[in-house]
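Where a number appears in this text, it was derived from the coordinates with a stated rule and is not lab data. In this text, all values refer to a predicted model and were calculated from it rather than measured experimentally. Cβ placement follows ideal geometry from the backbone for every residue including glycine, while neighbour counts extend to all protein chains displayed.
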Amino acid sequence: MRVLVTGVTGQVGGALVRLAGGKAAEGIEIVGVGRDRLDLAEPGRIEGALEAVRPDLVVNPAAYTAVDKAEQERDLAFTINRDGPSALAAGCAERKIGLIHVSTDYVFDGSGTRPYRPEDPVAPLGAYGASKEAGETAIRHALEDHVILRTAWVYAARGGNFMNTMLRVGKDRDELKVVADQHGTPTAAVDIASAVLALIRARIDGTPVASGTYHYTADGATTWHGFSEAIFERAAKVWGRRPVVHAITTDEYPTPAKRPAYSVLDTSALIAALPSLPHRSWQTALDEVFAARMAAEETA
Ligand SMILES: NC(=O)c1ccc[n+]([C@@H]2O[C@H](COP(=O)([O-])OP(=O)(O)OC[C@H]3O[C@@H](n4cnc5c(N)ncnc54)[C@H](OP(=O)(O)O)[C@@H]3O)[C@@H](O)[C@H]2O)c1
């Protein structure tokens, strides 16, 4: 199965290419493409990009992901997150191939009090979430054979993410302030890549999950403050010191985009549909990603 993966310079796309790179023996050939070969901001040229690769399946983790900047660049966010995926889905429909599309917990408004299920009503608070929600809707209209995989709070050893920001800032400061009233689940990019790989394997085995929208994150939940404490707990063993993290409210840390106060996702539907789905606690995943980040620092 030849699988076209978009956004190879990103956290999830990169993790998927690395993880699946050696899977040729399992019948999986990954063709990773960057923006230079498939630009979601140029929907009219996506058909040509598909034709050049002739995939059997498309995985689309690429997206406009700058949550705050999207408030100023709303049109661009919609072009990349709605029009690009819409054209991708149309191209897949034309070729009668499937699409696995990565989406976000920020489609929800955060007023929920229990983990969000895939069928719960969406009500994005910001332009980024709205653009991703519009992309989901466009895909559902254009293509029957799709899996929309919503995930949350993505981080990796490399890339612009919360863990790396904390490690950069915490190295030089004795005290910092982190928001403690937004709840979610930190999810390692490599775990999302493993989930996508399990979806691909199920297709190859003739037992694909039914088309639709699913949730995938690590197990458990925390706040940004809880996540930062877990990061510094691990960093302290390396640094020999630990910054003090003061818990603050969202109101004390205003950002251009509003974020959901609660965006924990209920992953049980995907676990039930795909028994081979790997999943682990966010703390166990953090152990691994943190160690990878430290190892990368040593060799840098
Ligand atoms: N990051 C999070 O916390 C988070 C949370 C929930 C859901 N998600 C979703 O998870 C997915 C993966 O996120 P991520 O954290 O891996 O993202 P990321 O690290 O920010 O990477 C985004 C990728 O998209 C590519 N891209 C941006 N604009 C493009 C365009 N016009 N055409 C083609 N490619 C383009 C980027 O390429 P360049 O390097 O060329 O810019 C990059 O490879 C996204 O769909 C995102 O919405 C992310």
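Please report how far the C-alpha centroid of the range 142-209 lies from that of the range 1-79, rounded to the nearest whole angstrom.
With the range 142-209 and the range 1-79 each reduced to a Cα centre, they are spaced 16 Å.
Quick check on the chain: of the DSSP beta bridges with both residues there, what percent are antiparallel, nearest 5%?
Rounded to the nearest five, the antiparallel share is 5 percent.
When the chain is modelled as a GNM with alpha-carbon springs shorter than 10 Å, which of A235, A188, A66 fluctuates the most?
A66
What's the exposure ranking of T213, T223, T207, going from fewest to most Cβ atoms within 10 Å? Mind showing how you got there, number by number?
On the way: T213 21, T223 18, T207 12.
Going from sparsest to densest Cβ surroundings: T207, T223, T213.
Which order results if R114, R158 are arranged by neighbouring Cβ count within 10 Å, fewest first?
Listing R114, R158 from fewest to most nearby Cβ atoms yields R114, R158.
What per residue convex hull volume, in Å³, do the alpha-carbon atoms of the range 89-215 yield? If you can, show how the numbers build up before the last one.
Details: hull volume 17.0 nm³, N = 127.
Expressed per residue, the convex hull around the Cα atoms of the range 89-215 is 134 Å³.
Counting residues in the range 169-223 as N, plug N into 2.2 N^0.38 Å and put the Cα Rg over that result.
This ratio for the range 169-223 stands at 1.73.
Expressed as a rounded percentage, what relative contact order does the chain have, with Cα pairs under 8 Å and six or more residues apart? Write out the running numbers ahead of the final one.
Details: 598 pairs, mean separation 61.2, N = 300.
Across the chain, relative contact order equals 20 percent.
May I ask you to work out the translational diffusion coefficient for the range 1-136 at 20 °C, viscosity 1.002 mPa s, via Stokes-Einstein with Rh from the Kirkwood sum over Cα pairs, reported in whole µm²/s?
So the translational diffusion coefficient is about 138 µm²/s.
Roughly how large, in nm² to one decimal, is the mean projection of the convex hull of the alpha-carbon atoms in the range 217-300?
8.0 nm²
Kindly give the semi-axes, whole Å and largest first, of the ellipsoid equivalent to the range 258-300, taking each as the square root of 5 times a Cα gyration tensor eigenvalue.
28, 18, 8
Of the cross-linked pairs K69/K258; K171/K258; K96/K132; K177/K237, which ones have a Cα-Cα span greater than 19 Å in the structure shown?
K171/K258; K96/K132; K177/K237
If you average 1/r over every pair of different alpha-carbon atoms in the range 92-146 and take one over that average, what Kirkwood value in Å do you get? Mind dumping the intermediate values first?
Numbers: mean 1/r = 0.0813 Å⁻¹.
One over the average 1/r among Cα pairs gives 12.3 Å for the range 92-146.
Can you tell me what percent of all Cα-Cα pairs in the range 150-272 are more than 18 Å apart?
On the way: 4477 of 7503 pairs.
Of the Cα pairs, 60 percent sit more than 18 Å apart.
Explain nothing, just the number: relative contact order of the range 131-281, from Cα pairs under 8 Å at least 6 residues apart, as a whole percent.
The value is 34 percent.
In the chain, once you exclude exposed GluC sites (Glu not before Pro) (DSSP loop, at most 15 other Cβ within 10 angstrom), what's the longest stretch remaining?
The segment 145-300 is the longest one with no such site.
What number does the chain give for Rg over Rh if you use C-alpha atoms and the Kirkwood radius? Mind dumping the intermediate values first?
Details: Rg = 18.9 Å, Rh = 19.6 Å.
Ratio value, two decimals: 0.96.
For the range 1-63, what is the per residue volume of the convex hull drawn over the alpha-carbon atoms, in cubic angstrom?
Cα-based convex hull of the range 1-63, divided per residue, equals 68 Å³.
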